[in-house]
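Computed from the coordinates by the stated procedures, all read-outs in this text should not be read as laboratory data. Every value quoted in this text rests on a predicted model; they were computed, and no experiment measured them. FYI the Cβ positions are ideal-geometry reconstructions off the backbone, even for glycines, and counts take in every protein chain you see.
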Amino acid sequence: MTRPRGRPAQGQGVARDDILTTALTLLDESGGQGLTMRALATRLGVTPMSLYNHVADQAGLLRALSDRVYAEALKGPGELADHRAEIRGLLTRYHQAVGRHPQLTLALFATPEALAGVTRQITDRLTTLLAGITAEPILWRDVLVDHAHGSGLALASVRGAKMQSQILQEQYGQALDRLLDGLSRS
């Protein structure tokens, strides 16, 4: 027996928040290849078409996930007088989010059209802050974001090893400070 397209499999609807929570869990468990609309619908007990009432497509789903996960990076005390301190805080929070959900970051790398929303706000904020302290804000933005990605993704390799994770986070902070020291000399 086939189910009607676009209708819930068990006769109940699904909320956007449930879709995003389940999608993030599925992504964390099985990586970018495992997060398909069909797999997500199956996990939620709905037909794939019912998901499209909440997200336009795979890129839209990833954009919504990144908005949820990376929003915490913007939650720091904005507009500090010390641009360096604000940059450090922003990048540290972003690094931690990347470390918690590395598969999301990798999926975004594979789907550039999903880079919008909060990821764009983070990039814009960082660029603005850097413009206040260096003549090369785009270059430094790219260096600092790439460093946050690389180090954040490395955290995934020690998931469950709290002590090793803490050491990696401290090393990220030390390296970030050195990069920021270099930036202030440029």
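Values (1) 18.9, 69; (2) 16.0, 51; (3) 20.6, 69 are given for comparison; Rg and Dmax of the Cα atoms in Å, derived from the coordinates here, is the one labelled (1).
Would you mind working out the magnitude of the charge dipole of the chain relative to its Cα centre, with +1 at each Lys and Arg C-beta and -1 at each Asp and Glu C-beta, to the nearest 20 Debye?
Its charge dipole is roughly 620 debye.
In plain terms, the chain from residue 96 to residue 75 could stretch by 6.3 nm, reckoned as 0.36 nm per residue minus the Cα-Cα distance. For residue 46, the residues whose amide H sits under 5 Å from its own are 9, ignoring neighbours fewer than 5 places away on the same chain, with H placed 1.01 Å from N. Percent of C-alpha pairs per 10 Å bin in the range 16-55, short distances first: 34, 60, 6.
How long are the semi-axes of the ellipsoid equivalent to the range 37-131, from square roots of 5 times the Cα gyration tensor eigenvalues, in whole Å, largest first?
They are 31, 12, 11 Å, listed from largest to smallest.
Just tell me, in residue order, which DSSP H segments of the chain are both 15 angstrom or longer along the helix axis (alpha-carbon based) and at least -1.0 in mean Kyte-Doolittle hydropathy.
The qualifying helices are 16-34, 58-70, 83-100, 118-131, 137-155, 162-185.
Provide the FRET efficiency to the nearest 0.05 for the residue 181-residue 128 pair, computing r from the beta carbons and using R0 = 22 Å. E(calc), rounded to 0.05, equals 0.60.
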